[in-house]
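The values are calculated or read from the model by the stated rules, or taken from the named source; none is laboratory data. On a predicted model such as this, the values are computed, not experimentally measured, just so you know. Methodologically, a virtual Cβ is constructed for each residue, glycine included, from the backbone with ideal geometry; neighbour enumeration extends over all protein chains shown. Remember, those area values only see protein heavy atoms, side chains included, never the ligands or the DNA or RNA. Shrake-Rupley method; radii C 1.70, N 1.55, O 1.52, S 1.80 Å.
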Amino acid sequence: MRTGEMAALVGVTPRAVRHYHHVGVLPEPERDPNGYRRYTLRHAVLLARIRRLTELGLGLDEVRDVLADDAGRELAEVLEELDDDLARQERLIRERRERLSLVLEDARAGRLTSEGPLSPQLAGLLASLGATADSPMAALDREVLTLLDAVMPPEERERLMGTIGAMAARPDTVERAHGLYRLLDELADAPSDDPRVAWAGELMAELIPAELLAGWDDSGPDAAAAEVFFSGLSPAQRAAVRHGLRLAGERAEEARAHGPEGAGAAGAGTEAPGPGDARSESAR
């Protein structure tokens, strides 16, 4: 094969092939007496691997390291790996088309929300939480969930949505969550030392499931979404949320230390605002 033939076979440009030669990722083949490069099947397979690895986001230095580890492998083994990768890509495309068909169905029926398209898990979760259209804090929360829905791997997304869904299914949780949203909305223009900061943090800690904190990833989409979330908060709101996360973390640690029998006692030190409590006026 000549340069143009191999490039067309693999789906890259002849210029890309020459660049890969220049940077040392693709070895130079032998040349015919007339000076033309003469490529073999192994060169085409190697070029296909380079294309696939770069499409996955690897830099050429990283691609070079991967290919160096593959040196000496049998051609049949490399071809089988390529075939497996293509099968995985076909499966992913099929799954994406299945999800797209559901979104298209909702869009044609006028059921697509302003945040959409959403995964079925998030769409069901938002429906269970009910309408909070008048709450800026609830809107911000929905935006963060929508971001996570789009960027999380499917298994992580299912875990997150399942955990929040289980929380929302607890008695009175949705009503208390709406009360927390209203309280946080009131803190938008409040100073950081407002007494309601502590109350909002306590209410938030009571709502957060321990499993949500246990699955937290400081280097993944969780942390990126948290950064987006905090950037939209006022100083008082940020203080309340941080206070709530700290309390929830402490109670989760205490529950783990005491085992299953201590799980209920871990959060018993703080009671939810009651009807006769002055702090409940904003949360109700």
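In segment 136-183, the residue that is nearest to Glu211 (Cα to Cα) out of those that are at pLDDT 80 or above, open to solvent by 70 Å² or more (accessible area, probe 1.4 Å) and among the acidic types (Asp, Glu) is Glu158.
Residues of segment 244-253 being surrounded by 14 or more Cβ atoms within 10 Å (Cβ to Cβ) and modelled with pLDDT of 80 or more, which ones?
Of everything in segment 244-253, those that are surrounded by 14 or more Cβ atoms within 10 Å (Cβ to Cβ) and modelled with pLDDT of 80 or more turn out to be Gly244, Leu245, Leu247, Ala248, Gly249, Glu250, Arg251.
Looking across segment 16-37, the residues that are under 36 Å from the mean Cα position of the chain (by Cα) and surrounded by fewer than 15 Cβ atoms within 10 Å (Cβ to Cβ) come down to His19, Val23, Gly24.
Hey, could you check segment 169-201 for residues that are within 30 Å of the chain's Cα centre (by Cα) and among the acidic types (Asp, Glu) and say which is farthest from Arg238 (Cα to Cα)? The residue in question is Asp172.
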